[in-house]
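Just so it is clear, none of the values below were taken in a lab; they were calculated from the coordinates. Fair warning: this is a prediction, and the values are worked out from it, not measured in the lab. Please note: Cβ atoms are built from the backbone with ideal geometry, for glycine as well, and neighbour counts cover all protein chains shown.
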Amino acid sequence: GLSETLVHAMNEVITITRDARVRGQFSHLCALGEKNWPKINLAIDSIENARRSGVDIGTDCQAYIAGNTTLTAVFPPWSIEGGNEKLIDRLSDLVVRKNIKNCIENKIPEWPFEHDGWTDNMINSLGWDNIWLLQVNSNLFKEYVGQSLLSMAQKRGQEPFDALCDLMVADQGHTMMLVVGSAGSLQDDAPLRTILTLPYTALETDAIVTGQGVRNRG
């Protein structure tokens, strides 16, 4: 699933499915952040039009308004090339860290993207308060499990970006996160319900089970 570039991605999958004359499946139909939820209906329009024209394509979605993955996913693609070790090296370099911050704050997502591009800026789409910590290995940051990046930063007296980078360095890039707002919010899950009504939608979990964390946000 994507956010700003969701419709472009959907149209590309449809084009490939049609031209290759195969059955297609769009994985994880969602859009991170309330400002991007309207794109879900636009993507559905694309898939409906394709199906009416004979393209055999379906989709899937998680049955909730959140998903989880590693916290590295909030960083621009170029900064995580080479894996966690390279990311930590870059975050430890104040000049490169500043470039990463500038990218998060100003980079406009594009599809497809070149070497320094980006298709999905999660922090820009969701905000610091909708990215929660699920698993932290570093004892320096374990107390913030179940809290948002914004809450963690406020309690540490830091700017959210600096708190994020310090956490990643201390945890060697192994932190797990929960992103809240993938097709609705805790108050409104209407976008998700729309996706679930589609007869060609399959359910998936989109989760990495670690056996750690807390029951409540805290």
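Here the Karplus relation 6.51 cos²θ - 1.76 cosθ + 1.60, evaluated at θ = phi - 60°, turns the backbone of region 71-87 into coupling constants of 5, 4, 5, 7, 9, x, x, 5, 7, 10, 4, x, x, 4, 4, 5, 4 Hz, with x for every Gly and Pro. The angle between the Cα long axis of helix 38-52 and the longest principal axis of the Cα atoms of the chain comes to about 30 degrees, rounded to the nearest 10. Counting only DSSP beta bridges whose two residues both lie in the chain, roughly 60 percent are antiparallel.
For LYS39, the lysines whose Cα comes closer than 23 Å to its Cα, not counting residues fewer than 8 places off in the same chain, are LYS107. A helix-only calculation puts the chain at -11500 deg cm²/dmol for mean residue ellipticity at 222 nm, using -39500 (n - 2.57) for each DSSP H run of at least four residues, averaged over all residues. Taking other residues whose beta carbon is less than 15 angstrom from the beta carbon of VAL7, and scoring Lys, Arg as +1 and Asp, Glu as -1, yields -4. For LYS101, the lysines whose Cα comes closer than 22 Å to its Cα, not counting residues fewer than 8 places off in the same chain, are LYS35, LYS86, LYS155. Sequence-distant or interchain residues sharing an amide H contact under 5 Å with GLY24, placed H: which? Long-range HN contacts for GLY24: ASP56, ILE57, GLY58.
Charge dipole (Cα centre; +1 on Lys/Arg Cβ, -1 on Asp/Glu Cβ; no other charges) of region 92-206 amounts to roughly 280 debye. Taking the C-alpha atoms only, the angle from helix 94-106 to the longest principal axis of the chain is near 40 degrees. Going by amide H atoms built from the backbone, whose H comes under 5 Å of the H on GLU204, apart from near neighbours? Distant-sequence amide H within range of GLU204: CYS61, GLN62, ALA63. The slack in the chain from ARG52 to THR15, taken as 0.36 nm per residue of separation less the alpha-carbon distance, amounts to 11.9 nm. The calculated FRET efficiency for the pair LEU140 and TYR64, based on their C-beta separation and a Förster distance of 41 Å, comes to about 0.85.
For Cα extents along the principal axes in Å, the candidate list reads (i) 50, 41, 26; (ii) 55, 38, 28; (iii) 53, 45, 38; the entry that matches the value derived from this model is (ii). Peptides 94-103, 3-12 ranked from most to least packed give 3-12, 94-103, packing being the mean of other C-beta atoms within 10 angstrom over each peptide's residues. Shown here for region 29-126: GluC sites (Glu not before Pro) in loop regions (DSSP other than H, G, I, E, B) with at most 12 other Cβ atoms within 10 Å, namely GLU81, GLU114.
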